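Here the structure is laid out as structure tokens; the discussion comes afterwards.
The values are calculated or read from the model by the stated rules, or taken from the named source; none is laboratory data. As the structure is a prediction and not an experimental result, all values here were calculated from the model. Using ideal geometry, Cβ is built from the backbone for each residue, glycine included, and neighbour counts are taken over all protein chains shown. The protein model used for the area step is the full one, side chains on, heavy atoms only, and it has no ligands, DNA or RNA in it. Shrake-Rupley method; radii C 1.70, N 1.55, O 1.52, S 1.80 Å.
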Amino acid sequence: MGQAIRIGIAGHGNLGRGVEAAIARNPDMELVGIYTRRPPEQVQPVTAGAAVFGMDALAQHADRIDVLILCGGSKEDLPQQGPELAALFNTVDSFDTHARIPEYFAAVDAPARANGKTALISAGWDPGMFSINRVIGEALLPEGATYTFWGKGLSQGHSDAIRRVPGVAGGVQYTLPVEEAVERVRSGERPELTTREKHRRDCHVVLKEGADAEAVREAIVTMPHYFDEYDTTVNFISAEELRRDHAAMPHGGFVIRSGNTSAENTQVIEYGLKLGSNPEFTSSVLVAYARAVHRMHQQGDVGAKTVFDVAPGLLSPKSAEQLRAEQL
């Protein structure tokens, strides 16, 4: 094994802690620093002895880091941090506001390309693994329909979004597939389903003292790109209930492609995930793509990238020869 890939982590919430755990399971990588907006002494790393710095130290540490994994939220953090840090580092992030991915890609691509950096955006399981399976399904079954269902599970991005609503002290959001719609698709039927017909959103919110509950509810259910197209329930709970009943972060879902290869034969492809920890799985995806980004940068492949641009073999710590012998 050659020199370990030097990884930096920007942000140390659930996702950052998950990245720490994933790095420890990849012997070709080493954690060289955690970068935080909090006072560094307040951060408790998962990894014993891990160095913690303020975010303002990043610019001085560019020569220490092969790939910087960005662990901020998609609503406010990544739109600013992604383009700024792609000018200084090879980066990987999990930007997950689907409707804004094209503009975010363009915003990251320009500084990355201008500075000879490789910046992979929107890695995770959706966008990410599910995106790849949608493309494969449509390529293999060009005549048909693709359906994506999420949940039941806790969405990190949507939970982050509701916590940023004025008057909210804490909260989580669960995505729930509409079972009737799922069964129709699995049966081989190809219904035309609206966003509202496929999923519901269930929010559990702790109000700040003196906050207007109805104003908070209205701000959540009308939030563009997050809740406005769904049947959304907002449940107000205590901080104790939030800690007691909503600390776990399970999630999952599936992509189904139903198509015909002839008039007589219908084929159904289904890819599914059952996740005990949403942030830990997303972190594992980010770390695998950090390996690919490092290799792509070494090959001179710069600019913004998505999972569609990465050959599967680049994700594996194994050599191409090993993969041909063991996996084909």
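Only Lys, Arg, Asp and Glu carry charge here, each on its Cβ (+1 for the first two, -1 for the last two); on that basis segment 183-328 has a dipole of about 600 debye about its Cα centre.
Modelled spin labels at PHE308 and ALA99, positioned 7 Å past Cα toward Cβ, are 2.0 nm from each other. Using the alpha-carbon centroid of each, what span in Å lies between segment 70-85 and segment 103-136? First find each Cα centre; the distance between them is then 13 Å.
Going down the list LYS152/LYS274; LYS75/LYS152; LYS117/LYS305, which pairs span over 19 Å between their C-alpha atoms? Pairs exceeding the cut-off: LYS75/LYS152.
Set against the labelled values [x] 0.98; [y] 0.93; [z] 0.96, Rg/Rh (Cα atoms, Kirkwood Rh) computed from this structure falls on [x]. Averaged per residue, the chain has 47 square angstrom of accessible surface, using a 1.4 angstrom probe with ligands and nucleic acids left out.
For the chain, the 222 nm mean residue ellipticity estimated from helices alone, with every DSSP H stretch of n ≥ 4 adding -39500 (n - 2.57) and the total spread over all residues, rounds to -10000 deg cm²/dmol. Protection proxy ranking for 144-153, 264-273, 319-328, using the average of other Cβ atoms within 10 Å per residue and placing the highest first: 144-153, 264-273, 319-328.
On the chain, 50 percent of the accessible area sits on carbon and sulfur atoms, based on a 1.4 Å probe.
Here the peptides 37-47, 130-140, 64-74, 210-220 are ranked by packing, the mean other Cβ count within 10 Å, and the order with the highest first is 64-74, 130-140, 210-220, 37-47. Alpha carbon centre of segment 159-205 versus segment 231-290: separation in Å? Result: 11 Å between the Cα centres.
Among 26-35, 12-21, the peptide with the highest mean count of other Cβ atoms within 10 Å heads the list, and the full ranking is 12-21, 26-35. For GLU264 and SER319, the difference between the fully extended length at 0.36 nm per residue and the C-alpha to C-alpha distance is 15.6 nm.
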